[in-house]
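The values are calculated or read from the model by the stated rules, or taken from the named source; none is laboratory data. Only a predicted model underlies this, so the values are computations on that prediction, with no experimental measurement involved. Ideal geometry is used to build each Cβ from the backbone, glycine not excepted, and the neighbour counts take in all protein chains shown. Areas reflect the complete protein model, heavy atoms only, side chains present, ligands, DNA and RNA absent. Shrake-Rupley method; radii C 1.70, N 1.55, O 1.52, S 1.80 Å.
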Amino acid sequence: MTEAEWKIFRQVREAALERLCGRIMEQSQKAMQGPGTNHERYLRLFQAVHDGDKEVAWAFNDFRRSTADQILAVMARLRLVTDDELARFQPNTQEFVRAMVRG
């Protein structure tokens with residue numbers, strides 16, 4: 001990834017992290033508002049946060065320029081990157097990400 005793309009990646013990464021955290025919070029709210037006992041709602045909440053934490057780790061814990069294209073593909077697979085954001089990258093990076101999402 002070029003230096004210019006690395007700068008774009010850092011911006012896209014920040015936006016994607018916000019989207020994912022928002023998604024996890026929405027899922028957590030739904031889990032707490034559903035039917036059942038307090039314990040059942042707690043278990044659903046715990047599972048939502050646990051699953052969300054796995055996604056955060058998968059997409060955001062390996063923040064290095066050498067793995068940025070792979071992490072961008074993970075973020076795209078999780079539907080955290082918009083088409084407009086992906087279009088900011090070089091064509092070869094876009095192709096790589098799309099191939100990884102399909103594959």
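Give me a comma-separated list of calculated 3J(HN,Hα) values for segment 48-61, in order, Karplus coefficients 6.51, -1.76, 1.60 applied at θ = phi - 60°, integers in Hz, x for any Gly or Pro.
4, 5, 4, 4, x, 4, 4, 5, 4, 4, 4, 9, 10, 7
Apply the Karplus parameterisation 6.51 cos²θ - 1.76 cosθ + 1.60, with θ equal to phi minus 60°, to every residue of segment 13-29 and state each ³J(HN,Hα) to the nearest whole Hz, in sequence, with x for glycine and proline.
4, 4, 5, 5, 4, 4, 4, 5, 4, x, 4, 5, 5, 4, 5, 5, 4
Over the chain, with every protein chain in place, what whole percent of the accessible area is carbon and sulfur at 1.4 Å, could you tell me?
Numbers: 3520 of 6770 Å².
Carbon-and-sulfur percentage of accessible area, whole number: 52.
What distance in nm separates the two pseudo spin-label positions at E55 and A15, each 7 Å out from Cα along the beta-carbon direction?
1.8
What number comes out for accessible area per residue over segment 41-81 if the probe is 1.4 Å? Units Å², please. Walk me through the intermediate numbers first.
Values: 2450 Å² over 41 residues.
Value for segment 41-81: 60 Å² per residue.
Using alpha-carbon positions, what is the distance between the centroids of segment 1-56 and segment 79-103, in Å?
21
For the chain, what's the relative contact order in percent, using C-alpha pairs closer than 8 Å and at least 6 residues apart?
Values: 75 pairs, mean separation 33.9, N = 103.
This gives 33 percent for the chain.
Okay, which of segment 3-37 sit inside 20 Å, backbone N to the point 7 Å along the Cα-Cβ direction of L43?
27-37
How high is the FRET efficiency from A87 to T2, r the C-beta distance, R0 22 Å, rounded to 0.05?
My answer for the efficiency is 0.90.
Rounded if a/c is under 1.5, else prolate if a/b is larger than b/c, else oblate: which is the chain, with a ≥ b ≥ c the root eigenvalues of its Cα gyration tensor? Could the numbers behind the result be given before it?
Working: a/c = 2.87, a/b = 2.73, b/c = 1.05.
Since a/c reaches 1.5 and a/b is larger than b/c, the shape of the chain is classed as prolate.
Based on DSSP H runs of at least 4 residues, each adding -39500 (n - 2.57), what is the mean residue ellipticity at 222 nm of the chain after dividing by all its residues, to the nearest 500 deg cm²/dmol? Can you show the working numbers first?
Values: 5 runs with 80 residues, N = 103.
Roughly -26000 deg cm²/dmol at 222 nm, from the helical runs in the chain.
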